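The values are calculated or read from the model by the stated rules, or taken from the named source; none is laboratory data. Here the structure is a predicted model, which means the values were calculated and not measured. Methodologically, a virtual Cβ is constructed for each residue, glycine included, from the backbone with ideal geometry; neighbour enumeration extends over all protein chains shown. Quick note on the areas: whole protein, heavy atoms, side chains included, nothing else; ligands and nucleic acids left out. Shrake-Rupley method; radii C 1.70, N 1.55, O 1.52, S 1.80 Å.
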Amino acid sequence: MDTILVVNAGSSSVKFQIFAVDGDGRLTRQIKGQMDGIGSRPRLRASGADGEPLADRAYPIERVADVPAALEVAGGWLRDELRISPIAVGHRVVHGGPEYERPVRIDHGVVARLEKFVQLAPLHQPHNLAPIRTLLANRPDLPQVACFDTAFHRTHGALADHYAVPFHLYAEGVRRYGFHGLSYEYVAKTLRQVAPEIAEGRVIVAHLGSGASMCALKEGCSVESTMGFTALDGLPMGTRPGQIDPGVVLYLISEKGMSASDVQNFLYRDCGLKGLSGVSNDMRELEASDDPHAILAIEYFVHRIGLNAGMLAAALQGIDAFVFTAGIGENSANIRGRIGEKLSWLGVELDAAENARHARLISRPDSRIPVYVVPTDEELMIAQHTLSLLMNSELSGPKRERVS
Ligand code: AMP
């Protein structure tokens with residue numbers, strides 16, 4: 001059986017999934033796993049298609065000291081114990097820079113180009129590239145594909161792509177890239193199946209997870225996003241503040257004596273719902289809390305989503321549908337309900353019962369704007385891209401040897 005390995009490598013964990021490919025090119029998820037605690041307390045956990053546990057084992061720190069070692073151990077487990085030998089690997093790579101507007105088959109030239117974008121995403125890009133480089137060195141015959149969080153937003157026009165800064169900074173890459181692109185691409189694709197007439201219109205998608213952003217879609221393409229140069233901008237998130245006056249950063253540096261890395265850690269780890277509530281970054285815990293700061297954090301989250309919806313509606317000159325996705329968007333009827341109230345001026349009226357049962361369509365039949373819940377699947381998107389690049393290169397190039 002042919003399989004595709006999807007890899008999402010972070011600083012201290014590597015998530016992976018295995019998809020089986022059938023004769024018609026259909027993909028079926030078989031395994032979900034992750035190696036956590038890289039360099040501290042490594043632990044491999046994996047489960048099968050129906051959630052049945054397949055592995056839960058700890059490793060000594062010397063065995064899994066870094067991200068490439070984690071992928072090597074997980075790959076060894078797949079190969080030696082499950083007899084799985086993927087025909088290709090699809091990687092989530094956060095930054096495709098200004099150049100990449102679609103996934104790309106990886107070679108040494110591509111890696112060199114992607115290394116230039118490390119400075120644009122220093123917390124993510126090096127970890128995304130590490131296992132790619134190792135596989136390229138050790139398994140040069142194994143096809144690898146890079147899928148970018150930025151690529152889907154490369155359809156933005158100049159007004160959505162610029163900051164009001166001198167042009168030379170834009171030329172060197174200081175642009176409003178936007179992120180969560182694989183999620184938005186999956187949602188846009190799914191909408192074409194579930195509501196084709198709406199998918200061709202003006203849609204706001206709210207990706208509300210531990211990272212959160214919103215995207216304005218016109219005819220299935222991204223025209224604006226709440227995120228910009230980095231994944232810090234826009235909506236408040238689990239631990240990131242979202243939109244913040246740059247003057248606050250200057251204050252932290254000049255009055256609090258914080259260094260660039262202090263500020264970076266602060267903005268990525270200590271702000272957002274966690275910082276504002278002082279309780280948790282997890283929406284479930286905030287919803288369960290009666291702490292006034294937790295209540296304020298939820299109200300702020302909902303308020304900012306309402307404000308940003310207005311901005312994106314202006315970018316689209318009206319909207320035809322609103323979509324919720326990701327951890328909070330898919331699972332919290334309470335947050336969806338509160339956001340629905342904020343959007344009532346746009347003509348949104350949620351159906352409380354349909355919302356409570358997490359139906360796909362959660363607005364009332366007479367709501368001027370239909371509201372959908374579309375569970376996202378970034379890994380499936382990566383597997384689809386990987387397979388399609390593999391098939392295209394097979395069609396256009398010499399016949400590929402099957403990699404064992
Ligand atoms: P994601 O990053 O998409 O995996 O989303 C993770 C976030 O979704 C978590 O931090 C939780 O805050 C949130 N979440 C997941 N399930 C629920 C739920 N049932 N109710 C509220 N929030 C949830």
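All of (1) in a helix (DSSP H, G or I); (2) open to solvent by 20 Å² or more (accessible area, probe 1.4 Å); (3) within 16 Å of the ligand (Cβ to nearest atom) hold for Ile382 with one exception: (2). Among helices (runs of 4 or more DSSP H) entirely within segment 135-246, having at least 1 residues that are modelled with pLDDT under 95, in contact with a strand residue (DSSP E or B) (Cβ under 8 Å, 6 or more places away or on another chain) and open to solvent by 10 Å² or more (accessible area, probe 1.4 Å) singles out 181-194, 196-199. One residue stands out among those in segment 314-361 that are surrounded by 16 or more Cβ atoms within 10 Å (Cβ to Cβ) and small (Gly, Ala, Ser): the one that is nearest to the ligand (Cβ to nearest atom), which is Gly327.
Those strands (runs of 3 or more DSSP E) of segment 3-79 in which at least 3 residues are closer than 28 Å to Met391 by Cβ and out of contact with any Lys or Arg (no Cβ under 6 Å at 6 or more places or on another chain), considering only elements entirely within it, cover 14-21, 27-36. Pairs are defined by a Cβ separation below 9 Å, a sequence spacing of at least 6 or placement on different chains, a first member in segment 207-232 that is without any contact (Cβ under 8 Å) to a residue 24 or more places away in the chain, and a second member that is part of a loop (DSSP other than H, G, I, E, B); the pairs so defined are Glu219/Glu200; Glu219/Gly201.
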